[in-house]
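What follows is calculated from the coordinates using simple rules that are stated; it is not laboratory data. Computed from a predicted structure; not experimentally measured. We place every Cβ from the backbone using ideal geometry, glycine too, and count neighbours over all the protein chains shown.
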Amino acid sequence: MTGNWFCEENTPGYSVQWRMLQLLHQETTPFQKLMIADLAEWGRTLILDGAVQYTEKDEFIYHEMMAHVPLMSHPNPKEVLIIGGGDGGTLREVLKHRQVTGVDMVEIDRRVVELSQTFLPGVAQGFSDDRVKLYIDDGIKFARETDKKYDIILVDSSDPVGPAIQLYSQAFYKDLYQALNEDGMLVAQSESPLFYPQIFDTVVSNLSGIFPLTRVYLAVVPTYVSGFWSFTAASKCYDPLQLSDDSDNIDGLKYYNRKIHQAAFALPQFIRERLG
Ligand code: AG3
């Protein structure tokens, strides 16, 4: 950190600097270094191990795209599992679907949940919704041990460092496959294909080794490394690209709409070539 600037080092050759108006909280949890700051231009921001996860200004893009693409494609999503996502952004979007009757959320770091509720605007409400059950637990262990079946699973993980490494493994995805109903669907954030192509390849190839249908989609998330961000949808039955006629109409969206849903699956040539 230099003066009032927070510096996110993405690679040894590429860093981004953010002017910090106020450092609101900082601590080292048993899992990671957690920081909440008010950044000029971006507002309240959650930073884990030096990587920006959530900013007030652009979080809606990532969270809407993570939740609504699978939820609008599945005709009858009732039970949802969120792994990670302790800030509550994905949860807030999932709860906008009236068809959803239960959401289990598994976050390893209790402090992420507690501090997000205290400091991040617009996420606390979700945690008190009757449909939600919060497990402070290791997502890997939860996936291995659960005998519940879900319609949708969302893997809202941080980068594959520290507590999140195993969330990119094939063993974990196999457990999630088991935890999905026969027509279930999963979405995992799959990092920047431009900047972290190996991680992107790992997610896609691990998932496509297990699921009959895997599709990548994109969104611009300005505050994530390079802004060029991907999600990978893996499905047992429905095509994630296809919107279901039975899906809810959701109010109050700022990014997602039906045209965006389909456009997000149009992939640039360099990604198509990576996918083979
Ligand atoms: N999860 C993905 C954040 C990745 C950001 N990476 C980085 N800045 N190096 C975000 C969790 C939000 N619910």
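Against the conditions (1) in contact with a helix residue (DSSP H, G or I) (Cβ under 6 Å, 6 or more places away or on another chain); (2) surrounded by 21 or more Cβ atoms within 10 Å (Cβ to Cβ), Ala124 satisfies every one except (2).
Taking the listed residues Leu39, Leu21, Leu34, the one that is buried (at least 19 other Cβ atoms within 10 Å of the Cβ), over 21 Å from the mean Cα position of the chain (by Cα) and over 19 Å from Leu180 (Cα atoms) is Leu39, with no other qualifying. Filter region 131-164 down to the residues that are surrounded by 14 or more Cβ atoms within 10 Å (Cβ to Cβ) and among the β-branched types (Val, Ile, Thr), then identify the one that is nearest to the ligand (Cβ to nearest atom). So the residue we want is Val155. As a summary of the residue check, Ser128 satisfies the conditions (1) away from the ligand (no atom under 11 Å from the Cβ); (2) of a type in the set (Ser, Thr, Tyr); (3) under 19 Å from Ser158 (Cα atoms) except for the one numbered (3). Take Gln189 and decide whether it is of a type outside the set (A, V, I, L, M, F, W, C), under 24 Å from Gly86 (Cα atoms) and within 13 Å of the ligand (Cβ to nearest atom). Taking the combined requirement at face value, the residue satisfies it. If the condition is being surrounded by fewer than 17 Cβ atoms within 10 Å (Cβ to Cβ) and at negative phi, then region 211-231 contributes Pro212, Leu213, Val220, Pro222. When Thr101 is tested against (1) within 18 Å of the chain's Cα centre (by Cα); (2) away from the ligand (no atom under 16 Å from the Cβ); (3) closer than 19 Å to Ser247 by Cα, only condition (1) is not met. Check whether at least one residue in region 88-95 is within 17 Å of the chain's Cα centre (by Cα) and surrounded by fewer than 23 Cβ atoms within 10 Å (Cβ to Cβ), and report yes or no. Checked region 88-95: at least one residue is within 17 Å of the chain's Cα centre (by Cα) and surrounded by fewer than 23 Cβ atoms within 10 Å (Cβ to Cβ).
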